Amino acid sequence: MAQKKQVSRVAMSKTSVRTKLIGVVFLAIFCLLVVAPSYANGGIDWLNKKANLGFPRLPDKGFNLGLDLQGGAHLIYQAKIDKIPVGDVVSAVEGVRDVIERRVRGGLGVSEPLVQTTRVGNDYRIIVELPGVTDVNQAIKMIGETPILEFKEQNNEPPRDLTPEEKKTMDTYNAAEQVKANDALKAVRAGMNFGMAVAKYSEDTTSTKTNGGDLGFITSDTFPDLYNWAKTAKVGVVSAIQKSTTTLVIAKKTAERDGEKEVSAAHLLLCYKGADRCDSSVTYTKEQALTKINEIKNEITVANFIEMVKRFSTEPGSFSTGGDLGTFKKGNMVAAFETAVWDAKIGTIVGPVETQFGYHLIYKKGETIPKEYSVARIAFYLKQKTDIVPPTESWVASGLSGKQLQHAEVASDQRTGQVQVSLQFNEEGTKLFSDITTRNVGKQVAIFLDGEPISIPRVNEPITSGSAVISGNFSFTEAKLLSQRLNSGALPVPVELLSQQKVDATLGADSLQKSFKAGLAGLLLVMLFMIIYYRLPGVLSVFSLLIYTVLTLTIFKIVGVTLTLSGIAGFILSIGMAVDANVLVFERLKEELRAHKPLRSATEEAFLRAWPSIRDGHVTTLISSVVLLWFGTGFVQGFAVVLGTGTAVSLFTAVTITRTIMRAVFGRFKDEANVLFLGYTKNSK
Amino acid sequence: MNIPFIKYSKVWYAVSILTSMVALYALFSWGIKLGIDFTGGSLVELSFAKNRPTVEQMDNTLKELKLDVNVIQKSGDDEFIIRTKFLDEDIHQALIKKIRASYEKDGNTVTEKSLQTIGSSVSQQLRQRAVSAIIWVNIAIILYVAYAFRKVSRPIASWKFGTLAIVALAHDILLVMGVFAFLGHFFGVEVETDFVLALLTVLGFSVTDTIVVYDRIRENLIHHSASEFGTMVNVALNETLMRSINTTLTVLLPLAALFFLGGSTIHNFALALLIGMASGAYSSIFIASPLLVTVEKWQRRERK
């Protein structure tokens, strides 16, 4: 009876070992997929391509790397809160945080900044992490500004006329320029070298002045006036003074050459469903379109081209243009079209040509080679009204700014329930606001934040109470954000840069690579040691060590632990920790085998006896990790999280995984063991 | 194999007392050089693409700026490390500009690899946190050891196990700090926050080592209470010797890899851990366990 029970227990434990082993294998596969999804995705892509099954790809997210590994900036600011009433401190600091976040996102284009507030004693600090930012100086400038809130009113002043005095100054100046130009022209006409004249007279400030006034080859686009003159002038000829509103120019034509060939053409387009920019009313399939265009081709001639275009072309607008494309240069048309047009003879119709827009029949009307002219000039700059009178702005400062705002908060309209932002000014602000609103009844005033208008309410009546509301189509969050911004503008919390850390991206990559190498080397050394010293159990511990490694990395990835350089060091350290538990068990196993216990019960005994030491050792390290997590700042916490996670995981892998693998493998050996096990001695009884 | 550890207790004590004295001397006469994490200040790391100037040239360049420069040091093949008093952003920009203007000639380029500036309030906070972390880790570990050995009371009280574990631990910490005081004095090595991390990690590991040996002593106490205490401790030490050596090796191997391959940034961190771990294994065998026997002897003498 007892024997039977014994047998059945062994049989049961065998199946349960098998189940556990399968569990271990699945765990390992899962972790590998999470840690290195790119290999699996490669396979999935291949399968999808071959069998067209459309399996989804695995999420391919990298590890969260700390700034010391990916490069970037870490800034700590102190909010100077001494002038702020105690009750408003938290929201003021939050306001500054939001402003900074907005500035780094919008202004610097950092997509994943981390902006946090922390409190140290009575100090409020704002921590800004900017991954990948290289120009820290600019970032600091942008962040350091205090938010500026301004009230502006509409600029009613029309652009003013010049005062007689200004007009006189301008005219005198321009007259003097004219005299200079006349002198220069005289000198050139009298035989002065043009380059010398440029050096002497020209007011060009760029390199044009130093290279003899040469503008290079000009086209009708770059200098239309000069180009028109140069069309008729001969090479070597010097022009009279050409006057425009801004300049007086004496030009000399120095050379002419052929420009790029231009072609003029028209086309008939038949597009089909799915072609680029094809109108949705078109019902042709690709094959139908091809058949149809070939039919058209047989009928079309130069004489009836426009008529045919009007009848058949699917191009929007072709009815009025007749398919005319005007003149164009190389590079203006898609490649297939261009080749066909350039190769065609003038006055012929070619096609059908296939492009991504459909099938084209092209009528080449002509080609021209425009001239380009090289021109040198002596330039004199004239003054105009706009040089003297500044351009008018649509908003002008009213004198009311964030300094006079006492408080802003979210409110709602009592009748309509609409969300509003209410403002309360101080005494000076109340007076100013009352003046402004009196002046601007029926008009708009604008509220500017950091130079951008954020709200442009209309003034319905003069407001003398010193309170105002900004109503608009706000959602509650928008209104809250606005009031927060206004408060931070109204209660300027200056920030002071306490510390900055910047790591160059190349240095980060270098650190990452080096620590990766070190980790790999460490892992291999430990594995080698275990195999050489403990033989077969050592080999098994290598498996559980590998599972330990991928499992820990999986947890880092899923939880989103930020890996820093010291964190990776902690991880490398925890490899040693993970092995320690195995060493404890194997040493016990050695002792049990030396005492000639049968292999299987020796194994179980070894685990049982080693457990208190394993537990105690892990707990002390966990204690260190937890305390560090509690007291540390950023990167200390990174280390603590990694070390703590590693320790907890190693407790699991060293005991559960190693034991499962050992049970499964040792089941295949005889009870008296053999030389593959350390501690085996020939039984000499 | 039976090594008579306990028999030579006095020799180990002498060795440990001697090293501790030397470490204490180093600590008190030279002190550990604190880095900018704890003192505040700025550390700029520059690399030069072609020609790295000499320390003298750099010194002269910086003198023109009238900065409070503490250290100018070459590092690696093409880098410079400059440590100054706290630089605000404007002065920092002026510094970089000046160096660029002075050395960016003939195709040479200067890259600012990293910059750390730490204000005095931040460094003060880091100092406070480091101290409180060390205190709390110690308290937590003493409590845990006392708890773990709560069932042992004969022939030695559980709190004595805890205290002796801490003595061994203090020895390890002292050694690491002594070595860094020495390195600081002769090689200008400065310690930053990561040094505290290393110390705290050493604390954890050192106590783990001691606990494993004590665990075995505890187990043997329960099973063979007949034999003499000293002999029994010696048996336990021999039984756990290979484990101590192997565990230490498996921790030291990856650390050595980190020390040699991990790059300059992590160098001191790995070194502190290497020393601490090795010392931790040593102290649990040669200090913590012999001390148990010595304490037990004292107790008997008192009773007589």
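Where a number appears in this text, it was derived from the coordinates with a stated rule and is not lab data. None of the values given here were measured: they were computed from a predicted structure. Every residue, glycine among them, receives a Cβ derived from its backbone with ideal geometry; neighbour counts consider all protein chains shown.
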Those Cys residues of the protein assembly as shown for which no other cysteine Cβ falls under 4.7 Å: A:Cys31
A:Thr291 paired with A:Val179, simple spin-label distance in nm, labels 7 Å along Cα-to-beta-carbon: 8.4
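Assuming R0 = 22 Å, what is the FRET efficiency of A:Glu299 and A:Ser320, from their Cβ-Cβ distance, to the nearest 0.05?
0.50
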For region A:505-666, what relative contact order do you get, as a whole percent, if you take Cα pairs closer than 8 Å and at least 6 residues apart? 32
So for R0 = 30 Å, FRET eff. of B:Leu18-B:Arg301 from the Cβ-Cβ r, to 0.05, ends up at 0.70
XL table A:Lys517/B:Lys85; A:Lys514/B:Lys97; A:Lys253/A:Lys364; A:Lys514/B:Lys33; A:Lys514/A:Lys557; A:Lys234/A:Lys329; Cα-Cα > 24 Å flagged, in table order, is A:Lys517/B:Lys85; A:Lys514/B:Lys97; A:Lys253/A:Lys364; A:Lys514/B:Lys33; A:Lys234/A:Lys329
Between region A:317-336 and region B:175-190, what is the C-alpha centre distance in whole Å? 78
Quick check on region A:395-477: take the gyration tensor over C-alpha atoms, sort the square-rooted eigenvalues as a ≥ b ≥ c, and tell me if it's rounded (a/c under 1.5), prolate or oblate. rounded
By how many nm would the segment from A:Thr15 to A:Leu608 lengthen if fully extended, with 0.36 nm per residue of separation less the alpha-carbon distance? 211.3 nm
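Note down the magnitude of the dipole of region A:395-477 about its Cα centre, charges +1 on Lys and Arg C-beta and -1 on Asp and Glu C-beta and zero elsewhere, to the nearest 20 debye. Working shown, then result.
Numbers: 6 positive and 8 negative charges, 45 e Å.
Dipole size: approximately 220 debye.
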Which of A:Leu382, A:Val441, A:Val334, positive extreme of dipole for region A:334-474 (C-beta unit charges): A:Leu382
Placing +1 on each Lys and Arg Cβ and -1 on each Asp and Glu Cβ in region A:505-666, then taking the dipole about the Cα centre, the residue among A:Ala509, A:Thr549, A:Thr658 whose Cα reaches farthest towards the positive end is A:Thr658
Could you work out how far the C-alpha centroid of region B:106-172 sits from that of region A:651-665, in angstrom? 32
What residue among A:Pro352, B:Ile173, B:Gln299 has its Cα farthest toward the positive end of the dipole of the protein assembly as shown, where the charges are +1 on Lys, Arg and -1 on Asp, Glu, each on the Cβ? B:Gln299
How big is the dipole moment of chain A about its Cα centre under a simple scheme where the beta carbon of each Lys and Arg is +1, that of each Asp and Glu is -1, and everything else is neutral? Debye, nearest 20, please. 3300
Calculated FRET efficiency for the pair A:Ala240/A:Lys330, C-beta based, R₀ 41 Å, to 0.05: 0.65
Would you calculate the separation in nanometres between label points at A:Leu524 and A:Val282, each defined as 7 Å from the Cα along the Cα-to-beta-carbon direction? 6.0
Points 7 angstrom from Cα along the Cβ direction at B:Asn70 and A:Glu165: gap in nanometres? 6.1
Given the C-alpha centroids of region B:248-270 and region A:347-395, what is the distance between them in whole angstrom? 66
The set of residues whose placed amide H lies less than 5 Å from the amide H of A:Thr254, leaving out same-chain residues fewer than 5 positions away, is A:Gly236, A:Ser374, A:Val375, A:Ala376
